[in-house]
Amino acid sequence: MDRIKDLNRIKVVLTEKHLTSKWLAEQLGKSTCTVSKWCSQKSQPDLQTIDQIAKLLDVKRSDLIVD
């Protein structure tokens, strides 16, 4: 059931790339609080933001979304 809550893999990909949520927040012009909520699955970014994150992290959109 916990897997249903995990809708994105942002935190996992950041860790794999040795980057921080603070770095991502700065790149996107978002607050660190907002990115932290995405990483902890408390809220989700919209698809346009997912596309921006994918570009910044040099991954496919599908790498950031849990099936």
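The values are calculated or read from the model by the stated rules, or taken from the named source; none is laboratory data. Please read all numbers here as calculations on a predicted model, not as lab measurements. Glycine also receives a Cβ, built like all others from the backbone with ideal geometry; neighbour counts cover every protein chain displayed. We work out accessible area using only protein heavy atoms, side chains counted, and drop any ligands, DNA or RNA first. Shrake-Rupley method; radii C 1.70, N 1.55, O 1.52, S 1.80 Å.
Select the helices (runs of 4 or more DSSP H) contained entirely in the chain, then report the ones holding at least 1 residues which are in contact with a helix residue (DSSP H, G or I) (Cβ under 8 Å, 6 or more places away or on another chain).
10-16, 21-28, 32-39, 47-57
Show the residue pairs that are 6+ apart or on different chains and have beta-carbon atoms under 6 Å apart, the first residue being within the range 5-27 and over 13 Å from residue 37 (Cα atoms), the second being open to solvent by 60 Å² or more (accessible area, probe 1.4 Å).
Matching pairs, first to second residue: 27/56.
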